[in-house]
1. Keeping every protein chain present and rolling a 1.4 Å probe, give me the accessible area per residue for the chain in Å².
2. List the trypsin sites (Lys or Arg not before Pro) within the range 111-178 that DSSP assigns to loop and that have no more than 15 neighbouring Cβ atoms inside 10 Å.
3. Provide the net charge surrounding Ala106, with neighbours chosen by a C-beta distance below 15 Å and charges set as Lys +1, Arg +1, Asp -1, Glu -1.
4. Taking Kirkwood radius over Cα pairs in Å as the quantity of interest, determine which of (i) 20.7; (ii) 24.6; (iii) 23.5 was computed from the displayed structure.
5. Given H placed 1.01 Å from N in the peptide plane, which residues other than close sequence neighbours of Leu37 have an amide H under 5 Å from its amide H?
6. What pairs in Lys163/Lys225; Lys162/Lys188; Lys122/Lys271; Lys122/Lys163; Lys225/Lys249; Lys63/Lys271 have C-alpha atoms more than 25 Å from each other?
7. Local charge sum around Ser74 (other residues, Cβ-Cβ under 14 Å, Lys/Arg +1, Asp/Glu -1)?
8. Estimate the FRET efficiency between Leu297 and Tyr327 by the formula 1/(1 + (r/R0)^6), using the beta-carbon distance for r and 30 Å for R0, to the nearest 0.05.
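The values are calculated or read from the model by the stated rules, or taken from the named source; none is laboratory data. Only a predicted model underlies this, so the values are computations on that prediction, with no experimental measurement involved. As a convention, Cβ positions derive from the backbone with ideal geometry for all residues, glycine included, and neighbour counts pool all protein chains shown. Quick note on the areas: whole protein, heavy atoms, side chains included, nothing else; ligands and nucleic acids left out. Shrake-Rupley method; radii C 1.70, N 1.55, O 1.52, S 1.80 Å.
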Amino acid sequence: MKKWIYAALTLAFAGSLTGCANTKLIYKEEQRYAYPLATASPENTVTQIYSEKFAEEVERLSKVRIHIQVYPNSVLGGDRELLESCYDGDIPFVVQNTAPQVNFIADTAVFDAPCIFSDLEKVRAAVDASEFLTRMQESYRESGYELLGYSDQGFRVMSTNKKVTTFADFKGQKIRTMENSYHLDFWKALGANPTPMNFSEVYIGLQQNTIDAQENPYEVIVSNKLYEQQDYVVETNHLPHLISLIVSKEFYDQLTEEDQQILAEAQEIAKEYSRQASDERISQKIQIIQDSGTEILTLDEQTRQEMIEACEPIYEEIRQIVYPEIYHA
């Protein structure tokens, strides 16, 4: 694939592009290519909306000179494989949640500090702030990536078969998490029993009572019908589910300034478009869950404060590895 990308780079910005990834088309006696943008998310998600809108705007702004083909649903690999392929220059564009990036870009651990935000607009203002975004872009760049920006799917919430109304109710719950040390530490701090598990096994794990609970944004809970196996959704809102749009630095550095600006402008449009879609879809997902008979629970301020106090060691752990300007932003 890398040879293909180098060939595409040679032709794309001297001429124009259309077509399918890894496939050459002959049109008006020119070879044309589509650059792949890969995600590990299903088609019916905000990740897909963000990706498709970005690809659409790049094509429009470049006057059909640059064409991007979106490959969702782990067709080109899971989150870790996509990061590795993007670093190597084999896949130019990747859209994914920030959680898998911690082992590649240490400063992304700042997004794993739990219970910092309870307002989504404040999250968006924080990640869009020029000083913060510039410093994060430097961190990605130092690790071999170019960060264009962040969209989101709202907050991550907990679904469970055990009612949670107080801090003590978290104790002993077997909850599936991603393989992220800070996520594991968070649930341990609440007294729960976190269990890393492949996402493809979560539904049957809930069905067979291997696990009591899981945590994800509403988008994922509904698109994968996890609510069918759960009695409650608890609005823990413990982490924002941020979605990053990254580019292979090797690929990006070979673009002209004009084309780099096209990518930046397309991302801004796609970010706002996908955020609006996310807000609308969250309301729809909540309604679907409620209509199914699954109860949605909102935690009181006392419980949330107890959660924050339990997280103090995690904040300190993250502070030790994140660049100070990013941690205190």
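1. Numbers: 14440 Å² over 329 residues.
Counting only protein heavy atoms, the per-residue value for the chain is 44 Å².
2. On the way: sites: Lys122, Arg124, Arg135, Arg141, Arg156, Lys162, Lys163, Lys171, Lys174, Arg176; in loops: Lys162, Lys163, Lys171.
Loop-located and lightly packed - Lys163, Lys171.
3. On the way: positive: Arg135, Arg141, Arg319; negative: Asp107, Asp112, Glu138, Glu142, Glu317, Glu325.
Counting the neighbours of Ala106, the net charge comes to -3.
4. It is the one labelled (i).
5. Those lying under 5 Å, H to H, from Leu37 are Gln69, Val70, Tyr71.
6. Lys122/Lys163; Lys225/Lys249
7. Every neighbour counted, the sum reads -3.
8. My answer for the efficiency is 0.45.
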